[in-house]
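Have a look at this one.
The values are calculated or read from the model by the stated rules, or taken from the named source; none is laboratory data. These numbers come from a predicted model, not from an experiment. So basically every Cβ, Gly included, is an ideal-geometry build from the backbone, and we count neighbours across all protein chains shown.
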Amino acid sequence: MTPLSIPFLGAPPRHAHATDAGADLMAAEGCVLAPGERRLVGTGTKIALPEGTLGFVVPRSGLAAKHGITIVNAPGTIDAGYRGEIKVCLLNTDQHEPFEIAAGERIAQLIVLPFPPVEYVAVDELPDGERGERGFGSTGREALKEA
């Protein structure tokens with residue numbers, strides 16, 4: 001498969017393995033996240049996504065599992081027209097331990113995906129769907145017992 005070329009300034013997002021979907025984003029600055037604290041951390045990276053693609057900024061599983069570090073608005077969305085620095089809104093969910101982030105440390109992953117053009121069309125009613133209007137929790141444990 002031919003790779004998608006994405007122009008960048010600053011630190012390049014890096015794939016640890018050729019088959020990885022996510023490319024690591026690194027902190028451009030060091031900081032300490034106190035227990036329960038959230039902070040916008042710069043990566044020093046700017047990219048120019050091609051039209052028809054978007055970037056999702058997602059948590060790193062190791063930071064989440066080992067230290068409780070996650071991203072508040074995961075996934076964060078980068079639109080193709082955005083040219084500013086990628087910043088990550090990190091949250092320390094640990095209730096007792098601060099977490100120190102060093103400059104150059106991997107803090108998130110960038111996943112680039114294609115998406116189709118979308119046109120929203122006003123209608124008088126929507127077609128039936130399997131879930132209907134059942135919302136939050138409607139596919140939870142009770143639904144699994146019925147299956």
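Could you list, ordered by first residue, the pairs with Cβ atoms under 7 Å in which the first is in the range 31-47 and free of Cβ contacts under 8 Å to residues at least 60 places away in the same chain and at positive phi and the second is of a type in the set (A, V, I, L, M, F, W, C) and surrounded by 17 or more Cβ atoms within 10 Å (Cβ to Cβ), at least 6 apart or interchain?
Pairs found: Gly44/Ala11; Gly44/Ala28.
Shifting gears a bit: Residues of the range 68-82 being exposed (fewer than 15 other Cβ atoms within 10 Å of the Cβ) and more than 24 Å from Pro7 (Cβ to Cβ), which ones?
Once the filter is applied, which keeps residues that are exposed (fewer than 15 other Cβ atoms within 10 Å of the Cβ) and more than 24 Å from Pro7 (Cβ to Cβ), the range 68-82 yields Val72, Asn73.
Quick check, is Ala65 in contact (Cβ under 8 Å) with a residue 12 or more places away in the chain and either within 27 Å of Arg39 (Cα to Cα) or of a type in the set (Val, Ile, Thr) (or both)?
Criteria not met by Ala65.
Now for a different question. Quick one: count up the residues across the range 30-60 that are out of contact with any Cys (no Cβ under 8 Å at 6 or more places or on another chain), among the basic types (Lys, Arg) and surrounded by fewer than 17 Cβ atoms within 10 Å (Cβ to Cβ).
1
Only one of Ala27, Ala21, Ala65 is over 18 Å from Val112 (Cα atoms) and exposed (fewer than 15 other Cβ atoms within 10 Å of the Cβ). Can you tell me which?
Ala65
While we're looking at this one, here's another question. For Gln109, work out the one condition from (1) over 22 Å from Ser5 (Cβ atoms); (2) out of contact with any His (no Cβ under 6 Å at 6 or more places or on another chain) it doesn't fulfil.
(1)
If you scan the range 73-99, which residues turn out to be in contact with a strand residue (DSSP E or B) (Cβ under 9 Å, 6 or more places away or on another chain), under 19 Å from Ala34 (Cα atoms) and at pLDDT 95 or above?
Listed by number, the residues that qualify are Lys87, Val88, Cys89, Leu90, Leu91, Asn92, Thr93, Asp94, Pro98, Phe99.
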